[in-house]
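Q: I have a structure I would like to understand better, so I am pasting it below and will then ask my questions one at a time.
The values are calculated or read from the model by the stated rules, or taken from the named source; none is laboratory data. A quick note: this is a predicted structure, and the numbers were derived from the prediction, not measured. Don't worry about glycine lacking a Cβ; one is built from the backbone with ideal geometry, like all the others, and counts go over all protein chains shown. Ligands, DNA and RNA are excluded from the accessible area calculation, which covers all protein heavy atoms including side chains. Shrake-Rupley method; radii C 1.70, N 1.55, O 1.52, S 1.80 Å.
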Amino acid sequence: LTGVLDDCLCDIESIDDFNTFKIFPKIQKLQERDYFRYYKVNLKRPCPFWADDGHCSIKDCHVEPCPESKIPVGIKAGSSNKYSKAANNSKELEDCEQANKLGAVNSTLSNQSKEAFIDWARYDDSQDHFCELDDERSPDAQYVDLLLNPERYTGYKGPSAWRVWNSIYEENCFKPRSVYRPLNPLAPSRGGDDGESFYTWLEGLCLEKRVFYKLISGLHASINLHLCANYLLEETWGKPRWGPNVKEFTRRFDPVETKGEGPRRLKNLYFLYLIELRALSKVAPYFERSVVDLYTGNGHEDAESKALLLDIFRDTKSFHMHFDEKSMFAGDKKGAKSLKEEFRLHFKNISRIMDCVGCDKCRLWGKLQTQGLGTALKILFSAKEIQSLPENSPSKGFQLTRQEIVALVNAFGRLSTSIRELQNFKVLLQQTR
């Protein structure tokens, strides 16, 4: 897998080097920090599109929610106004400051902005959302420690998994009516026009619709790579051994076994990486403000987390072959606006399909990675608002919830891991030949 990617001026080798030597080690460290390891998610939301076909009973599908006592105090306080002014009067000064911070609507920001929040909280920015967000106040929403529930092969497959991906590809990826063959790589029958030749339809789409398909295909490829790299190889005496499964990787990505489609899927993974990398470089001004804290309640840890995040932003800005999002939705204003809205609603639909995944662990990581990509798209199409952010108060024009921030960083972390795992598989394949 080499050369320049379609629809941008970047080559695969440059991304490999940049990811391996700059991004991957740092993003790994960042994901281990308290602010980013706890993700609040509702795994009990019903599937909005078809009757639920029951949850997966395989033990590896299970997600262990985090007990309340383990959640850092600053994260747990979240967006509820837990402390009243009356309560503050009876506390010592330190407790007062803590209460002010915990009472903030959005715990990514520091207590000096508390007053501005009341107005800010009323601002409805649903027009910018590319994802259906879980209601964090729902009794079914629980914190999950992502480090204790890693994404890996669970055994979840068959009709239920096929239906989810089929719905994503067939109903949301702008497939022309003239194309009869399923886009879904899991589809059982592939017809006569198999392999690379099938993709001539893609060239006929406008750039925006091509990009949409590539993002979904890249996300699918990334998830498949994680499952191949973290596969249950054997279970002896109740002790599971997880590791890379070369045979499974070959089945999903080998040019011969996939009739040339495997490399295309992997190129789409690189394209998705570029899109999310661009979003990180664009959102940097939001976090560079002193008003943003990554607040958990532990001042030292929070300062270290922010320093590491800003260091990653510096790296993302130094990358010299970014995707140019200005090339999208650049036609006549009316047509561009209509296309952007169609793009947004299609993606929002995909985020809702994630509630139809029968395996809890797959649903958790599917929701997180979809939300991360949705947040990246929201950032890319809010560039003007981000540039004009006030230094010491929240902005009505652009805001991120903690849930979106955690999803953004972890989703990009997953892509970074995918590209790193791809290097490992290259080595393993050479050894087996």
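Q: Could you work out the local net charge near Tyr231, counting Lys and Arg as +1, Asp and Glu as -1, over the other residues with Cβ closer than 9 Å to its Cβ?
A: Net of charged neighbours comes to 0.
Q: Enumerate the calculated ³J(HN,Hα) couplings along region 299-305 in order (Karplus 6.51 cos²θ - 1.76 cosθ + 1.60, θ = phi - 60°), each rounded to whole Hz, writing x wherever the residue is Gly or Pro.
A: In residue order, the calculated couplings are x, 5, 4, 4, 5, 5, 4 Hz.
Q: Roughly how big is region 326-433's charge dipole about its Cα centre, with Cβ charges of +1 (Lys, Arg) and -1 (Asp, Glu), in debye to the nearest 20?
A: So the dipole magnitude of region 326-433 works out to roughly 180 debye.
Q: Right, next: Under 11 Å from the Cβ of Asp324, count the other residues' Cβ atoms, weight Lys and Arg +1, Asp and Glu -1, and hand me the total.
A: Taking every Cβ under 11 Å from that of Asp324, the sum is 0.
Q: Tell me the GluC sites (Glu not before Pro) within region 255-324 that lie in a loop according to DSSP and have at most 16 other beta-carbon atoms within 10 Å.
A: Numbers: sites: Glu257, Glu261, Glu276, Glu288, Glu301, Glu304; in loops: Glu257.
Passing sites in region 255-324 are Glu257.
Q: In square angstrom, rounded to the nearest 10, how much accessible surface does Phe21 have for a 1.4 Å probe?
A: For Phe21, solvent-accessible area is about 150 Å².
Q: If you don't mind, another one. Whose amide H sits under 5 Å from the amide H of Asn42, counting only residues 5 or more places off or on another chain, with H placed in the peptide plane?
A: The list, which skips near neighbours in sequence, is Gln142.
Q: How much length, in nm to one decimal, is gained on full extension between Phe21 and Leu233, taken as 0.36 nm per residue of separation minus their Cα-Cα distance?
A: Once the chain is fully extended between Phe21 and Leu233, it gains 73.4 nm.
Q: OK, next. Say the cut-off is 29 Å between C-alpha atoms; which of Lys22/Lys426; Lys22/Lys59; Lys334/Lys378 go over it?
A: Working: Lys22/Lys426 20 Å; Lys22/Lys59 36 Å; Lys334/Lys378 19 Å.
Flagged as over cut-off: Lys22/Lys59.
Q: If you roll a 1.4 Å probe over region 131-179 with all protein chains in place, what percent of the accessible area is carbon or sulfur?
A: For region 131-179, the apolar C and S fraction of the accessible surface comes to 49 percent.
Q: So which of Lys29/Lys70; Lys267/Lys367; Lys214/Lys239 end up more than 31 Å apart by C-alpha?
A: Pairs exceeding 31 Å: Lys214/Lys239.
Q: Still on this model: With charges set only on the Cβ (+1 for Lys and Arg, -1 for Asp and Glu), what does the dipole of region 134-175 come to about its Cα centre, in debye to the nearest 20? Don't skip to the answer; put the middle values down first.
A: Details: 5 positive and 8 negative charges, 68 e Å.
My answer is approximately 320 debye.
Q: May I pose another question? Between their Cα atoms, which of Lys317/Lys340; Lys76/Lys209; Lys247/Lys326; Lys157/Lys306 are more than 29 Å away from each other?
A: Result: Lys76/Lys209; Lys247/Lys326; Lys157/Lys306 exceed 29 Å.
Q: For region 201-209, take each phi angle, set θ = phi - 60°, evaluate the Karplus expression 6.51 cos²θ - 1.76 cosθ + 1.60, and give the result in whole Hz per residue in order, putting x for glycine and proline.
A: With the stated coefficients, region 201-209 comes to 4, 5, 5, x, 7, 5, 3, 4, 6 Hz.
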